Amino acid sequence: MSDQESKSGESAGTQLAPLPSSAVEVRLREQMASAGRYREKSRADGTIRVYTSAWEAFARWCDQFHIEALPADPAAVATYLAWMADEGLAHSTISRHSAAIDWKHRTIGHPKPTARDDNNLIRDVLSGIRRDQRNRQSMAKVPVQAQHILKMLAQIDGNTTRAHRDRAILTFGIASAMRRSEIVALELSDIAFVERGMRVDIRHSKTDQEGRGEQIAIPNGEIIKPVYHLQKWIEWRGQKPGPLFTRFDQAGFLTNLPMSDRAIARLVKQYALKADLDPRSVAAHSMRAGFLTDAAEHQASIRKMQEVSRHKSVDILMTYIRSAESFDDHAGDSFL
């Protein structure tokens, strides 16, 4: 073997020699940490917020009964899900809470309750809830239109922080046509007031899981005046960064914590009842439906409706338009 070949062999051998065990461990830890970071990005921030809120609700329920939340016993999880059904929550919401409980266990490093559920309690309870709700006759939800919002506003008395917040939520809710999960996720910094109204940055939404963000415009308005009511609320809320719509604590003091989407739903039902609307036929989504119904009745174009509602498909928007135009040029006009 020549000297050059010998040196070349030594060089190759040096490059291929195994790393010291300590160096291997360091590299492995770095790569595992990288995998963890990518895993955290697998879910949109909005989904993580929803899961976190759901987990906190379960933890509070456990505290009431002195039950260990982490790790949770499958029987405790099944009981909690049944309680939620008795409280009137939808199967989709309950399933999301079950998934959030599993998610929390997985992120901490505990086995999921569903994986330890040898008797299939959780699965059977969820199945029973779904079957019960499917069989139960439910009242169709009706849209809450601008005329209804005016009646609801008339039921809010006083010049208090809570009164201004509730007025702002009702008027903003219909004017933005936003989902309740999107409303509670808004930050003060997402609102920009301009001469003709305001612009709202929606950082995350149901149809924007990658978090690209969307923006909508809301005019000042002359009837329900959504911009005026939001400005009044912000005057009382203050300019402290954080959630746009915040909750009150048990003592009635304003906090810097976001409202829950369930709180939005309860608020709409509360004022619907006071305005002589059947609260069973009203949901938070009714404000989104109300905007689209009013827009269709006032002959807004599909494109302009879509700019606000952000529906990816026009099929749903067409149902509002067909309903609004159902009596126009009716086939029976000439003989009925």
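The values are calculated or read from the model by the stated rules, or taken from the named source; none is laboratory data. Owing to the predicted nature of the structure, the values given are computational and were not obtained by experimental measurement. Positions of Cβ are generated from backbone atoms using ideal geometry, with glycine treated the same way; all protein chains shown enter the neighbour counts.
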Top-ranked residue of the range 253-273 - restricted to ones that are closer than 16 Å to T171 by Cβ and part of a helix (DSSP H, G or I), ranked as nearest to the chain's Cα centre (by Cα): I264
E68 vs. criteria of a type in the set (D, E) and at pLDDT 75 or above: yes
Any hit, the range 300-317, residues being surrounded by 15 or more Cβ atoms within 10 Å (Cβ to Cβ), under 24 Å from T160 (Cα atoms) and not charged (D, E, K, R): no
Selection count where residues are over 20 Å from Q147 (Cβ atoms), of a type outside the set (S, T, N, Q) and not in a helix (DSSP H, G or I), scope the range 283-317: 4
Among the candidates E187, E235, E214, residue that is closer than 19 Å to Y51 by Cα and surrounded by fewer than 16 Cβ atoms within 10 Å (Cβ to Cβ): E187
Condition check for G109: under 23 Å from R280 (Cβ atoms) and of a type outside the set (D, E, K, R): no
Pairs, first under 11 Å from P74 (Cα atoms) in the range 108-129, second of a type outside the set (S, T, N, Q) and assigned to a loop (DSSP other than H, G, I, E, B), C-beta under 6 Å, six or more apart: P113/A72
The range 293-315 residues that are among the small types (G, A, S), paired with ones that are assigned to a loop (DSSP other than H, G, I, E, B) and surrounded by 16 or more Cβ atoms within 10 Å (Cβ to Cβ) (beta carbon under 7 Å, 6 or more apart): S309/A177
Evaluation of R280 against (1) outside any loop (DSSP other than H, G, I, E, B); (2) loosely packed, with under 10 Cβ neighbours inside 10 Å (one fails), failing number: (2)
Any strands (runs of 3 or more DSSP E) falling wholly within the range 139-252 and containing at least 3 residues that are assigned by TED's automatic domain parsing to the domain that holds A296, in contact with a strand residue (DSSP E or B) (Cβ under 7 Å, 6 or more places away or on another chain) and within 24 Å of H311 (Cα to Cα): 197-202, 214-219
